[in-house]
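The values are calculated or read from the model by the stated rules, or taken from the named source; none is laboratory data. On a predicted model such as this, the values are computed, not experimentally measured, just so you know. Cβ placement follows ideal geometry from the backbone for every residue including glycine, while neighbour counts extend to all protein chains displayed.
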Amino acid sequence: MDPKEYVRRLKDISLIKLSLLNEILLFVRSQNEVIKGQRFEEMDLLIKEKQKRMDAVDKLDEQFAAYSSKLKEILSIDSFEELPGYNLPGTQELRDVIESIHQKLQDIKGVDDENISLVKTEMKDIREQINNTSNNKRVQGAYYPSRNSVTSYYFDEKK
């Protein structure tokens, strides 16, 4: 394969990855709405669908790494920063798509960080509710012991 073909394939892989990242961003935003709406039963489906896209992105990353290392080897370059010097068609488009990918990843990370914060807050609230419930049961048990735990005293009335 010639360098032009490698650049074209890298660009195609990157475009598919960008499309998948757009879908992942939609799922992350949906997760945010689910968390805010406390509709946690919907979360499992969103996580599974997001994971499918992430697995596909991982496979694309493997392909990208293989093609990019071959291209670097053919052109004897260490970095893609040197690629524009070869005036290969599609180089600028590849660079633009890669920049879009980086921006999309930052967007996903921002929403995902917010989701993590919301879940941690929700877990803290639930933990407090559980502790309050446990404390209430102990207090109630102290003032209103169950009938089975009442001790019986026998009085000997013979004198």
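Values for this structure:
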item	result
Candidate set: the range 1-23, residues that are closer than 30 Å to residue 110 by Cα and either without any contact (Cβ under 8 Å) to a residue 60 or more places away in the chain or among the hydroxyl-bearing types (Ser, Thr, Tyr) (or both); chosen: the one surrounded by the fewest Cβ atoms within 10 Å (Cβ to Cβ)	19
Residue in the range 59-72 that is within 16 Å of the chain's Cα centre (by Cα) and either surrounded by fewer than 12 Cβ atoms within 10 Å (Cβ to Cβ) or modelled with pLDDT of 95 or more (or both) present	no
Yes/no for residue 105 being in contact (Cβ under 8 Å) with a residue 12 or more places away in the chain and either touching a Gly at 6+ places or on another chain (Cβ under 8 Å) or not in a helix (DSSP H, G or I) (or both)	no
Condition met for residue 109 (of a type in the set (Lys, Arg), surrounded by fewer than 16 Cβ atoms within 10 Å (Cβ to Cβ) and under 21 Å from residue 57 (Cα atoms))	yes
Filter pass, residue 100 being surrounded by fewer than 17 Cβ atoms within 10 Å (Cβ to Cβ), in a helix (DSSP H, G or I), in contact (Cβ under 8 Å) with a residue 12 or more places away in the chain and not acidic (Asp, Glu)	yes
The range 24-39 - residue that is over 12 Å from the mean Cα position of the chain (by Cα) and within 15 Å of residue 117 (Cα to Cα) and, of those, surrounded by the most Cβ atoms within 10 Å (Cβ to Cβ)	35
Residue match in the range 72-90 (condition: outside any loop (DSSP other than H, G, I, E, B) and among the polar types (S, T, N, Q))	no
Checklist (1) within 21 Å of residue 97 (Cβ to Cβ); (2) part of a helix (DSSP H, G or I) applied to residue 32, failing item	(1)
